[in-house]
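One structure is given below, encoded as structure tokens.
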Amino acid sequence: MANQVNKLGCRVVLYPQPLVGHITPMLHIGNALYSKGFSVTLIQTRLHSPDPDAFPNFTFHYIDETLWSAEVLASDPWEKVALLNKRFMVPFRDSLGRILRDASSAEESVACLISDPLWDFVAAIADEFDLPRLGIRTGGLLAFVMYESLPLLRQKGYFSLQENEQEAEVLEIPPLKVKDLPTENHDAIAVTVEESKSYRQGIICNTFKELEGSILDQYSRSLSNAPIFPIGPLHEYSPTSMGGILDQDHSSITWLNTQAPKSVLYVSFGTLATITKEQFLETAWGLAQSKHPFLWVVQPKLINGSDTSDHELPKDFITEVSGRGYIVTWAPQREVLAHPSVGGFWTHSGWNSIIESISEGVPMICFPFFGDQKVNARVVSDVWKIGLQLEKKTERREIERVIHRLMVEKEGEELRERVGALKEKAHSSLMEGGSSYRALDQLTDHILSFCRAENLRDETH
Ligand code: UDP
């Protein structure tokens, strides 16, 4: 495929982790930078690879690594990242070398690499090629501050507390509670934190000042004061119907068209979380007993260690929810959240989902699983106050109750008003003069300075 060249004659190379929640924001950054005149190359694996036809402005560069065995698809997220790091170092070095040689023979400048700190080998390779490097923060800032503080929190004894002390506050990072801290994978998290800190030339964040401005300084300090570019919400740089990494079932939109305004609860636990069969059935019956219309994404691997037959729902449930419940394996989430019939989002609290929900002014029920999700959920419920948490056991009566609070009670109305106000702020931040608009201009100048430096180097050689 021939290189797609844009008007500045200056190229950025993007290298996302091949996880849906990490590729998608990188594609949005690509669109943002393309709109500023940069040429964009995307280094891609074959897993979760976007359809190149949906991105005619990008140059796709594939790494053909035969990694995608059932083993990788089934492994837990951190294991998956470890495997990716093990296998992709050599092919990545080859790819980057080829891209730089091609650019040099076309007399084109490559300004920088933009990569994901989940990769643990990128720093050494970019340095080898003398290529500037920017990072992407795909998650929220408080979660990073928490990750960075894990050694300190361990030293303070938070991980030795008893079961009955889990509600205690983490005094160093309010308003987090002990139960919001991740208890596993601390070594893998520490590697990612160190990688993030190695991006001295800057980090692009999927957030905006009006949302997380209060911890921007703390975040910046934890990255040794590297330049921070909060240009989000990133998805706003791409069309709502941005085409596919995974198949999108558009029948959900047709179904939503038949429902009353703000009546539907959208339920999705993202692309990585799994639940037990018991939780699956309790969720189903909680939805049924709530008597509210719902659109539920049940991915083929939603039930822990299961095959698709486990995802069958009891006949009496199907009869009970007929006409008011709609179940799909995948939904075009941004279009769903933007639909006037959707009045609430029951989410696993992945950062992309939260920021997409804020952008559409949809209040949430947070049901976090692992990693940063518990921190995200705490911020949604206790700081921004735009959602509720399902903190107790996944039990049908609890579910029914929390849905009622969100969709019917005054409390839900207040959450809706607050998220509506935040939606306005998100949109203003992207308008001319807004905080994200300005941050994108600064990012553009920053990247152009790399290009100018490279051109100068070429001239003096
Ligand atoms: N998503 C979607 N349809 C679905 C489920 C998820 O489009 O049925 C998208 C969603 O819009 C979001 C991403 O997948 O952009 C999930 O990212 P998130 O950070 O919320 O969670 P993760 O899957 O990484 O845990």
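The values are calculated or read from the model by the stated rules, or taken from the named source; none is laboratory data. Note that the structure is a prediction, hence the values are computed from the model and not measured. Cβ sites come from the backbone with ideal geometry, for glycine too, and all protein chains shown count toward neighbours. What goes into the accessible areas is simple: the full protein's heavy atoms, side chains included, and nothing from ligands, DNA or RNA. Shrake-Rupley method; radii C 1.70, N 1.55, O 1.52, S 1.80 Å.
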Being at pLDDT 95 or above and either over 29 Å from Ala426 (Cβ atoms) or buried (at least 21 other Cβ atoms within 10 Å of the Cβ) (or both) narrows Pro233, Pro300, Pro227 down to just Pro233
Apart from one, (1) open to solvent by 10 Å² or more (accessible area, probe 1.4 Å); (2) within 16 Å of the ligand (Cβ to nearest atom) all hold for Val383; the odd one out is (2)
Which of the residues belonging to region 182-201 are more than 19 Å from the chain's Cα centre (by Cα) and over 16 Å from Asp120 (Cβ atoms)?
-> Thr183, Glu184, Arg200, Gln201
Looking at Lys301, is it assigned to a loop (DSSP other than H, G, I, E, B) and touching a Leu at 6+ places or on another chain (Cβ under 9 Å)?
-> yes
Can we say Glu195 is surrounded by fewer than 13 Cβ atoms within 10 Å (Cβ to Cβ) and charged (D, E, K, R)?
-> no
Hey, could you check region 218-244 for residues that are among the aliphatic types (A, V, I, L, M) and part of a loop (DSSP other than H, G, I, E, B) and say which is farthest from Pro174 (Cα to Cα)?
-> Met242
Please specify each residue of region 351-378 satisfying the condition of being within 13 Å of the ligand (Cβ to nearest atom), open to solvent by less than 10 Å² (accessible area, probe 1.4 Å) and part of a loop (DSSP other than H, G, I, E, B).
-> Val362
Quick one: is Met89 away from the ligand (no atom under 16 Å from the Cβ), at pLDDT 95 or above and either surrounded by 12 or more Cβ atoms within 10 Å (Cβ to Cβ) or not in a helix (DSSP H, G or I) (or both)?
-> no
Of residues in region 312-327 being β-branched (Val, Ile, Thr) and assigned to a helix (DSSP H, G or I), the one surrounded by the fewest Cβ atoms within 10 Å (Cβ to Cβ) = Thr319
Given the residues Ser251, Ser290, Ser263, which is the only one that is open to solvent by 30 Å² or more (accessible area, probe 1.4 Å) and either in contact (Cβ under 8 Å) with a residue 60 or more places away in the chain or of a type in the set (Val, Ile, Thr) (or both)?
-> Ser251
Matching residues, region 328-343, being more than 7 Å from the ligand (Cβ to nearest atom) and surrounded by fewer than 19 Cβ atoms within 10 Å (Cβ to Cβ) | Thr329, Glu335, Ala338, Pro340
Cβ pairs under 7 Å, 6+ apart or interchain, first in region 32-55 and at positive phi, second part of a helix (DSSP H, G or I), ordered by first then second residue, are His48/Val20; His48/Ile23
State whether one or more residues within region 37-50 are basic (Lys, Arg), open to solvent by 10 Å² or more (accessible area, probe 1.4 Å) and out of contact with any strand residue (DSSP E or B) (no Cβ under 9 Å at 6 or more places or on another chain).
-> no
Matching residues in region 126-176 (part of a strand (DSSP E or B) and buried (at least 20 other Cβ atoms within 10 Å of the Cβ)) number 5
Is there any pair with a first residue in region 165-177 that is under 23 Å from Ser214 (Cβ atoms) and a second that is outside any loop (DSSP other than H, G, I, E, B) and at pLDDT below 95 whose Cβ atoms are under 8 Å apart and which are 6 or more apart or on different chains, and what are they?
-> none
Restricting attention to region 206-217, does a residue exist that is outside any loop (DSSP other than H, G, I, E, B), of a type in the set (Ser, Thr, Tyr) and within 16 Å of the ligand (Cβ to nearest atom)?
-> no
Candidate set: region 268-287, residues that are among the small types (Gly, Ala, Ser) and touching a residue at least 60 places away in the same chain (Cβ under 8 Å); chosen: the one farthest from Glu335 (Cα to Cα) | Gly286
Name the single residue, out of those in region 269-287 being within 15 Å of the ligand (Cβ to nearest atom) and either part of a loop (DSSP other than H, G, I, E, B) or among the aromatic types (Phe, Trp, Tyr) (or both), that is surrounded by the fewest Cβ atoms within 10 Å (Cβ to Cβ).
-> Thr274
